[in-house]
1. For region 268-285, enumerate the residues that are of a type in the set (Val, Ile, Thr) and in a helix (DSSP H, G or I).
2. Could you list all residues from region 268-285 that are within 14 Å of the ligand (Cβ to nearest atom) and either of a type in the set (Val, Ile, Thr) or free of Cβ contacts under 8 Å to residues at least 24 places away in the same chain (or both)?
3. Quick one: Asp288 ticks every box in (1) within 16 Å of the ligand (Cβ to nearest atom); (2) in a loop (DSSP other than H, G, I, E, B); (3) modelled with pLDDT of 95 or more; (4) surrounded by fewer than 19 Cβ atoms within 10 Å (Cβ to Cβ) except a single one, so which number is it?
4. Select from region 224-262 the residues that are within 14 Å of the ligand (Cβ to nearest atom) and assigned to a loop (DSSP other than H, G, I, E, B) and list them in ascending order.
5. Scanning for something part of a loop (DSSP other than H, G, I, E, B) and under 18 Å from Asp220 (Cβ atoms), does region 298-306 turn up at least one residue?
6. Being under 15 Å from His252 (Cα atoms) and within 20 Å of the chain's Cα centre (by Cα) narrows it down to one residue among Arg154, Arg171, Arg161; which is it?
7. Among the residues of region 181-195, how many are surrounded by 17 or more Cβ atoms within 10 Å (Cβ to Cβ) and more than 17 Å from the chain's Cα centre (by Cα)?
8. Take the residues in region 45-66 that are surrounded by 10 or more Cβ atoms within 10 Å (Cβ to Cβ) and modelled with pLDDT under 65, then tell me which one is farthest from Gly78 (Cα to Cα).
Amino acid sequence: MLAGCSSATSTASGPSSTFQTAGRADPQPTGPVAMTTPSTTTAPTTIGPTTTTEPTLASVPPFEPAASEVLKERKRLGGQFAQALLTYDPETSAESHAEGLRARFGILDNDGLVDLAAEAMAPGSQSAATVRYAQMGGNRPTKASLMVWVDVERLSPTGVRSTESRVVDVRVELVDDAWTVSRLASAGGPAVERPEDLSELAASVVDHPQISMADSARWDIYSGHTTLAMLERMLEVADLMDYSVLVLSRGHPYRVFATESVSRHSVGQAMDVYEVGGQRVVDSRFEDSPTWTLARTLFDQGIRSIGSPWAFDGFGGRSFTDDVHQDHLHITS
Ligand SMILES: [Zn+2]
């Protein structure tokens, strides 16, 4: 199990990649008919024009939170909505996609939905989405923010496959005893190319073998949003333990959920970590687990503020906890 987690993590730690498939330049949507030709099962050694099938992406089952999860109903809905947002066919426009999402999820507030869908979509491509993790971004008895790490696989009209991972902020609300999508708050931000002149410090974080992160977080660093002190903190944490960053700023609520305070994430001074030492934080809520050891060490070393499943110095101290911080560590600069 640990090996599985580790390998998934290390796959995600690399930058977005693109690679050519043996497809033709003009793919048509294909159905099960592709399976009728025995020749399709032979090794793909040729890229000849005699190939009769077009590549398509495999469909992904709907997201289901793990049995050990907290606040499962909220996570299921937020995860499935984020997955649906990033799953579409080549013919789908941002407008028709938003329409389909409205019909399926009965979204309460659709302001900005088309624009956010357009930002995240690659026109003309097929896109298939898998939820890696749905983390709490905020919680109240009747409303919540889910920050969902979605791994996206795309197939372009010319048969080029590419991957991207986005953190989607989905707001949900309890209406007549049923959790409902209230709105899409973020689709993980616009993508940012890695700058040629990326600083040595920033490069050492994004390329660090002990740190994996969603592309949304990578884009924060590429854009220069993450402070130098925070980048230093990320390196320092990597010296203690390998870990996975779900969110820096893109995909995180701008204000601390249901308050007027601007989040430390919004000023490049915080990260949320959902996995430490190959184990999810939500499954590591016991003394001496990798998560506990990391949180305790950072606290003992004097960190200004750390959110975790524990409050090492009681209510109002540097170390704080609540129902939102059962599934991640909030680590500040
Ligand atoms: Zn946080």
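The values are calculated or read from the model by the stated rules, or taken from the named source; none is laboratory data. All values reported here derive from a predicted model rather than from experimental measurement. Neighbour counts are summed over all protein chains in view; Cβ atoms, including those assigned to glycine, are modelled from backbone coordinates with ideal geometry.
1. First pass over region 268-285, keeping only residues of a type in the set (Val, Ile, Thr): 273, 276, 281-282.
Those that are of a type in the set (Val, Ile, Thr) and in a helix (DSSP H, G or I): Val281, Val282.
2. Kept after step one, since they are within 14 Å of the ligand (Cβ to nearest atom), are these residues of region 268-285: 268-274, 281.
Listed by number, the residues that qualify are Val273, Val281.
3. Looking at each condition in turn, Asp288 falls short on (1).
4. Scanning region 224-262 gives Thr226, Leu248, Ser249, Arg250, Gly251, His252, Pro253, Tyr254, Val256, Phe257, Thr259, Ser261.
5. We begin by selecting, within region 298-306, every residue part of a loop (DSSP other than H, G, I, E, B); these are 301-305.
Now drop any that are not under 18 Å from Asp220 (Cβ atoms), which leaves none.
No: zero hits.
6. Numbers: Arg154 fails: under 15 Å from His252 (Cα atoms); Arg161 fails: under 15 Å from His252 (Cα atoms).
Answer to the check: Arg171.
7. Total meeting the criteria: 3.
8. Filtering region 45-66 for residues surrounded by 10 or more Cβ atoms within 10 Å (Cβ to Cβ) gives 46-47, 51-57, 60, 62-66.
Filter again for modelled with pLDDT under 65, leaving 46-47, 51-53.
On the way: Thr46: 42, Ile47: 41, Thr51: 40, Thr52: 39, Thr53: 35 Å.
So the residue we want is Thr46.
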